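Take a look at the structure below.
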Amino acid sequence: MKPGAPRYVYVIDDDESVADALTRMLSTYGIEAQAFGSVEDFQSARARLPAGCVVADVRMPGMNGLELQRALAEDPSAPPVILITGHGDIPMAVEAMKAGAIDFLEKPIDDVALVAAIERGFAGIRRQEEALLASIRLKARFERLTSRETQVMDLVVSGYSNVAIAAKLGLSARTVEHYRAQVMLKTEAPNLATLVQWRSRLRNGIDA
């Protein structure tokens with residue numbers, strides 16, 4: 001989500017008048033808002049929608065907003081969710097926040113509070129996008145390595161010395177030093193500690 005790019009919010013509420021009022025209000029803040037009458041309708045369309053925030057009512061027929069939040073909790077690419085309700089209570093709010101909701105707001109919705117929560121959601125989307133881009137770039141740098149360079153690198157990050165690597169691979173210590181230099185050059189790691197950290201992240205599938 002680049003600065004100045006369109007910002008999208010998906011309002012899910014079975015009360016059409018509430019959904020329409022919220023989409024109109026959000027449009028005054030320059031936010032592209034789209035209303036859905038149910039979680040099921042949103043889920044059916046989700047794959048085709050641009051990244052954005054979800055504003056969902058807690059109490060709806062079928063799947064409700066809190067159930068949606070729980071279902072999305074394990075998905076790293078899931079949209080940020082703000083839950084709204086006309087019948088909120090403290091235990092419900094606590095459960096919503098523990099499930100990962102950005103905020104829990106009671107109707108009638110305070111415009112400023114809602115927009116502030118949405119902005120926090122957009123900030124989270126930007127961080128996700130930046131982390132994904134950094135991970136892609138990091139993987140591309142490691143893919144520059146030859147199989148031998150990768151082999152040497154894995155021994156280096158495992159704590160083996162040049163002499164030990166040379167003995168293990170049947171190479172000279174000078175050749176190992178050359179491979180190490182190529183690894184640092186191609187991965188653009190500024191030091192060994194960073195190389196170890198990056199390699200660990202890639203092995204564990206963690207965004208850089």
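What is the gain in length, in nm to one decimal, between Leu49 and Glu32 on full extension, counting 0.36 nm per residue of separation less the C-alpha to C-alpha distance?
Values: separation 17, 0.36 × 17 = 6.12 nm, distance 1.17 nm.
Taking Leu49 through Glu32 to full extension adds about 5.0 nm, to one decimal.
Under 27 Å between C-alpha atoms is the cut-off here; go through the chain and count lysine pairs that meet it, provided they're at least eight residues apart or on different chains.
Total qualifying Lys-Lys pairs in the chain comes to 5.
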Footprinting proxy, His178, His87: sorted fewest to most Cβ within 10 Å, the residues are His87, His178
For the residue pair Glu40 and Glu16, what label-to-label distance in nm results when each label sits 7 Å from Cα along the Cα-to-beta-carbon direction? 1.8
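Tell me, what is the FRET efficiency for Val196 and Ser77 to the nearest 0.05, using R0 = 35 angstrom and their Cβ-Cβ distance as r? Walk me through the numbers on the way to the answer.
Details: r = 28 Å, r/R0 = 0.79.
Efficiency computed from Cβ-Cβ geometry: 0.80.
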Rounded to 10°, Cα long-axis angle of helix 192-204 versus longest principal axis of the chain: 50
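Each reported figure results from applying straightforward, stated rules to the coordinates on display, with no laboratory input. Worth saying up front: this structure is predicted, and the values here are computed from it rather than measured. Heads up, the Cβs are rebuilt from the backbone with ideal geometry, glycines too, and the neighbour counts pull from every protein chain shown.
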